[in-house]
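All remarks here apply to the structure that follows.
The values are calculated or read from the model by the stated rules, or taken from the named source; none is laboratory data. Predicted model only: the values in this text are computed from it and were never measured. As a convention, Cβ positions derive from the backbone with ideal geometry for all residues, glycine included, and neighbour counts pool all protein chains shown. Surface areas here come from the heavy atoms of the whole protein model, side chains and all, with no ligands, DNA or RNA. Shrake-Rupley method; radii C 1.70, N 1.55, O 1.52, S 1.80 Å.
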Amino acid sequence: PEISNADAGGNTFKYIHNSLTHGPYGVNRHGEVIMPGEQPDENSEGFYFGKSPYYSTVTFVEFFIKWLDWLKEEGIYDNTYIILVSDHGTNRPELNPMTDSKLVNRLNSIMMIKPFDSEGDLVTDENTLVISSDAPEFMKNALDGSPVVFVPDRSLPVVRFASTNFLDTGIIEIIDAFEVSGDMFDPNNWKEIK
């Protein structure tokens, strides 16, 4: 109820942005946001090491479940279309058993969709290429009642760039660029274009 209400008489669109799982935010093992100068994991420096990513992820999942439960209590879960998307994956290969590539891990973002009146078993797909900029198209589909369609065998450009000087210069220095098609975890599906 702190971020939503069920008072609207008609259709409603709500965008919720959450940085709980993204540095420089951190959560301790009790699910409390840490104060400046503290470390999430007492035995490890930084937000991306030790148990810090785990604490943040667990806390986010708990909040998300609490929000879903609230939607059900208010009687609006079934007629709510939910898209959960992350801007990118992790840079830490040890957190993903599917690949040891930092670049591939970073591309392995989350996209979860709950259509209106959905029921049945959870369906997972680890090989469909999606990017966070797909979310507006999925939102449009939700608003006009169209089903979400994932494009089969699509190709996506992947650009790796140095961001260290961007704030000073406004210029993005491209390190390399690829075209990826099919299963992004298969190195044969990566074609270097720069």
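For Asp176, which of the numbered conditions (1) closer than 18 Å to Ser101 by Cβ; (2) assigned to a loop (DSSP other than H, G, I, E, B) fails to hold?
Asp176 satisfies every listed condition except (2).
Can you name every one of the helices (runs of 4 or more DSSP H) wholly within segment 39-157 that holds 3 or more residues which are within 18 Å of the chain's Cα centre (by Cα) and more than 22 Å from Ala177 (Cβ to Cβ)?
The qualifying helices (runs of 4 or more DSSP H) are 52-73, 135-144.
Tell me yes or no: at least one residue of segment 4-25 is outside any loop (DSSP other than H, G, I, E, B), touching a residue at least 12 places away in the same chain (Cβ under 8 Å) and within 21 Å of the chain's Cα centre (by Cα).
no
Determine whether Phe49 is without any contact (Cβ under 8 Å) to a residue 60 or more places away in the chain and more than 30 Å from Gly9 (Cβ to Cβ).
yes
If I go through segment 26-38 residue by residue, how many of them are in a loop (DSSP other than H, G, I, E, B) and surrounded by 11 or more Cβ atoms within 10 Å (Cβ to Cβ)?
7
What are the residue pairs meeting all of these: first residue in segment 115-132, first residue free of Cβ contacts under 8 Å to residues at least 60 places away in the same chain and among the charged types (D, E, K, R), second residue assigned to a loop (DSSP other than H, G, I, E, B) and open to solvent by less than 100 Å² (accessible area, probe 1.4 Å), Cβ atoms under 6 Å, and 6 or more apart or on different chains?
Asp117/Asp78
Run down Ser52, Ser4 and say which single residue is surrounded by 15 or more Cβ atoms within 10 Å (Cβ to Cβ), at pLDDT 75 or above and touching a strand residue (DSSP E or B) at 6+ places or on another chain (Cβ under 9 Å).
Result: Ser52 is the single residue among Ser52, Ser4 that is surrounded by 15 or more Cβ atoms within 10 Å (Cβ to Cβ), at pLDDT 75 or above and touching a strand residue (DSSP E or B) at 6+ places or on another chain (Cβ under 9 Å).
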